[in-house]
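J.: Just dropping this structure here.
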Amino acid sequence: MCRFLVALLFTAISVYAGAPTAEEAKAEVVAAGVSEAAADGILKIAETYKGQFEAAKGDREAGKNVFHTFHAEVDKYMETQSEDDQIAYKAFVDKKKAELQKRNSTPKA
């Protein structure tokens, strides 16, 4: 589920209602300590998957498959970035995962 949240931040931004804009997503990643250059690279990758996410909208399995491919490409890209960027990106993903787990474990009233 964490990966799906990350996908929302970096992909098909206009596809999902309430998703942040590319600028908002970039600002959040940069605020987490990822360099602007690395964040731009992630957004560039996301842009290449935008059509695939649009095509998969409404098909959870297809969306999941597209996301896994996207995520693998982002991971590979991040391996080419500085150690500081890698550490900041991992911390960002871990934080998002914790937020998602907390939100999913909180009983709804």
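All of the numbers you see were taken from the coordinates with simple rules; none came from a lab. Treat the numbers as computed from the prediction; the structure is a model and nothing was measured. Counting neighbours? That spans all protein chains shown, and the Cβs are built from the backbone with ideal geometry, glycine included.
J.: Taking 0.36 nm per residue of separation and subtracting the Cα-Cα distance, what length does fully extending ASP75 through ALA98 add?
T.: On the way: separation 23, 0.36 × 23 = 8.28 nm, distance 1.91 nm.
Between ASP75 and ALA98, full extension yields 6.4 nm more.
J.: Let's test the formula: R0 of 30 Å, r as the Cβ-Cβ distance of SER105 and SER82. What FRET efficiency results, to the nearest 0.05?
T.: Working: r = 34 Å, r/R0 = 1.14.
E between SER105 and SER82, to the nearest 0.05, is 0.30.
J.: Count the net charge of all other residues whose Cβ sits under 14 Å from the Cβ of ALA91, scoring Lys and Arg as +1 and Asp and Glu as -1. All intermediate terms of the calculation are to be shown ahead of the outcome.
T.: Values: positive: LYS90, LYS95, LYS96, LYS97; negative: GLU28, GLU83, ASP84, ASP85, ASP94, GLU99.
Overall, the nearby charge balance is -2.
J.: Follow-up question, since we're still on this one. Taking every alpha carbon pair in region 25-109, what does the distance histogram look like in 5 angstrom bins from 0, in percent?
T.: Result, from short to long distances: 3, 14, 19, 21, 19, 15, 7, 2, 0 percent.
J.: Please tell me which of these pairs span more than 18 angstrom C-alpha to C-alpha: LYS44/LYS64; LYS26/LYS50; LYS76/LYS97; LYS26/LYS90; LYS44/LYS96; LYS44/LYS76?
T.: Values: LYS44/LYS64 20 Å; LYS26/LYS50 16 Å; LYS76/LYS97 20 Å; LYS26/LYS90 15 Å; LYS44/LYS96 21 Å; LYS44/LYS76 14 Å.
Over 18 Å apart, Cα to Cα: LYS44/LYS64; LYS76/LYS97; LYS44/LYS96.
J.: Could you rank the peptides 48-58, 96-106 by their average count of other C-beta atoms within 10 Å per residue, with the highest value first? Display every interim value, and only then the final one.
T.: Numbers: 48-58: 14.7, 96-106: 11.6.
Averaged packing, sorted descending, gives the order 48-58, 96-106.
J.: Next question. In terms of modelled amide H atoms, which long-range or inter-chain residues lie less than 5 Å from the amide H of SER82?
T.: So SER82 has HN proximity to no qualifying residue.
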